[in-house]
Amino acid sequence: MSDNAPVRVRFAPSPTGKLHVGGARTAIYNWAFARANGGAFILRIDDTDPTRSTDENTQIILRAMRWLGLDWDEGPEVGGESGPYWQTECLPLYREAAERLVAEGKAYYCFCTPEKLEADRKAAQERKDPFQGYQRTCRDIDPAEAQARVDAGEPYTIRIKVPLDRGDVIVHDAVHGDVTFNAKELDDFIIFRSDGTPTYNFATVVDDARMGITHIIRGDDHLSNTPRQIMVYEALGAPTPTFAHISMILGTDGKKLSKRHGATSVEEYRDAGYLSDAFVNYLSLLGWAPDGESTVISRERLASEFSLDHVSKNPAIMDPKKLDYINGEYLHAMDDEQFAHEVLVPELVKAGLETEGSLSHDEAWYALLARALKPRCTLSADVCAQARYLYTADDELAHDEKAVKKWLAKAGAGNALDAAKKVLADCDWTPEAIEAALDPLPEQLSMGKGKVFQPIRVAVVGSAASPGIGETLALAGRDHVLARIERARSLAG
Ligand code: GLU
């Protein structure tokens, strides 16, 4: 294909299941390649398998694509000039294309029954024929005779006529380099089944050709299909696009990614609280790197710098720890207001701690909570467990047993609580003022800082882990803090 044709790429999922991590990465690479080259990103639904394709899966895929922020220039919901974008709507186009090939002598009707094919295969095996494929039985039937048999209602398939002198088919793959296949091995493969449906290798090429696709970026499980597809391009007289087959994604144990490794569908990650930007960032790095170092790569950078020559052909490893790390980096990079609006409040609502439209506190309170929790989160949902003490009645707060044992039930803890109660009763109620009020206590009581502050923390939060003591107490409110200290007094040594 000419180098200066405008880039057109497509993502063509089969709606036989949800959008999985591997498919999502393929979609991301296509999207980023289109954006980086000022080209078009097309979404096509390959729903030719009627038994396994469902509308529900299509909707799930579209939703997942929207969540990933992979806007498509042509396809379902947006339309475009190279539709239809559902393969089931293209059946007449495939038939027309196949019949044109028959008329041009580049494909032919085959009347071999499954029994005959099986018998031929066995015979080839027995005589140790190096070629075990289709014996080209119907290749030379006179076209008029073949047409008459078709017209008389005899069942048939349509096979492509691979030129006998074609020689090697070389896939010039942008990731794998040149990969050579022996055309003799390709067989006169079926492009139309006897039930009147096109095969994947045919339908996909008819569509890619009519849509003017310039680059095909897809999983390397399709590399072995590519020489057959090249045969179809050649028969159709259409330019062959550039291929880029991207590696498989493996789990940390080196095995093909599957349910065993945890979440595999995009929506599971969304529901687990990953940010779309972080998830896209992470997946984009499974096989691509702009340089040797960057791990946080903005969507803008991906969309401007993505290139196929930085895509690795080695399998990529899906490492949940790295995904979490990147997600945390995105959370930490938000300012407090953004974190409050986009992460904190939605998560609290989702957990049933707040009600949308009638929040229990003012903006400043959520901003303070955001400031306190943001550095302590790797996933959005992490806020809920940490904020729970703020949504619990004073007399229902449970105290973590270990924390009680370690900090409250210790000599001196009672004194620490008493002293804290006194200074907290009339200090200003800001994190800074609270810290300033508590600060002198360790020296006054001749106790270590932990021994003074941890009992207060356990009394107010119920556990020994929380943000800074000033923020922790400020958020809870003075009355609640004093009531909780009072209540914990009976547990203290
Ligand atoms: N529908 C095919 C799949 O999901 C598309 C493969 C291709 O990109 O050609 O595997």
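The values are calculated or read from the model by the stated rules, or taken from the named source; none is laboratory data. Keep in mind it's a predicted model, so treat the numbers as computed, not measured. Every residue, glycine among them, receives a Cβ derived from its backbone with ideal geometry; neighbour counts consider all protein chains shown.
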>> Could you check region 29-49 and list, in sequence order, the residues that are more than 19 Å from residue 285 (Cβ to Cβ), in contact (Cβ under 8 Å) with a residue 60 or more places away in the chain and either in contact with a Ser or Thr (Cβ under 6 Å, 6 or more places away or on another chain) or within 15 Å of the ligand (Cβ to nearest atom) (or both)?
In response: 42, 44, 46, 48
>> Residues to consider are 422, 449; find the one that is of a type outside the set (Phe, Trp, Tyr) and under 48 Å from the mean Cα position of the chain (by Cα).
In response: 449
> So which residues in region 209-243 are in a helix (DSSP H, G or I) and within 10 Å of the ligand (Cβ to nearest atom)?
Replying inline: 221, 222, 225, 226, 229
> Is there any pair with a first residue in region 175-199 that is free of Cβ contacts under 8 Å to residues at least 24 places away in the same chain and within 17 Å of residue 88 (Cβ to Cβ) and a second that is of a type in the set (Val, Ile, Thr) and buried (at least 18 other Cβ atoms within 10 Å of the Cβ) whose Cβ atoms are under 8 Å apart and which are 6 or more apart or on different chains, and what are they?
Replying inline: 199/190; 199/191
> Considering 81, 96, which residue is without any contact (Cβ under 8 Å) to a residue 40 or more places away in the chain and either buried (at least 23 other Cβ atoms within 10 Å of the Cβ) or part of a helix (DSSP H, G or I) (or both)?
Replying inline: 96
>> When you scan region 51-58, do you find a residue that is closer than 16 Å to residue 214 by Cβ and either within 14 Å of the ligand (Cβ to nearest atom) or within 16 Å of the chain's Cα centre (by Cα) (or both), even just one?
In response: no
>> For region 323-381, give me each residue that is of a type in the set (S, T, N, Q), touching a residue at least 40 places away in the same chain (Cβ under 8 Å) and assigned to a helix (DSSP H, G or I).
In response: 327
> When residue 26 is evaluated against the numbered criteria (1) modelled with pLDDT of 95 or more; (2) more than 22 Å from residue 283 (Cα to Cα); (3) within 15 Å of the ligand (Cβ to nearest atom), which criterion, by number, is the only one it fails?
Replying inline: (2)
> Which ones in region 127-157 are among the charged types (D, E, K, R), at pLDDT 95 or above and exposed (fewer than 14 other Cβ atoms within 10 Å of the Cβ)?
Replying inline: 140, 142, 145, 151, 154
>> For region 230-250, check the following and say yes or no: at least one residue is under 21 Å from the mean Cα position of the chain (by Cα) and not hydrophobic (A, V, I, L, M, F, W, C).
In response: yes
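Residue-wise test of (1) surrounded by 15 or more Cβ atoms within 10 Å (Cβ to Cβ); (2) touching a residue at least 60 places away in the same chain (Cβ under 8 Å).
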| position | (1), (2) |
| --- | --- |
| 400 | yes, yes |
| 404 | yes, yes |
| 415 | yes, no |
| 421 | yes, yes |
| 428 | no, no |
| 432 | no, no |
| 435 | yes, no |
| 440 | no, no |
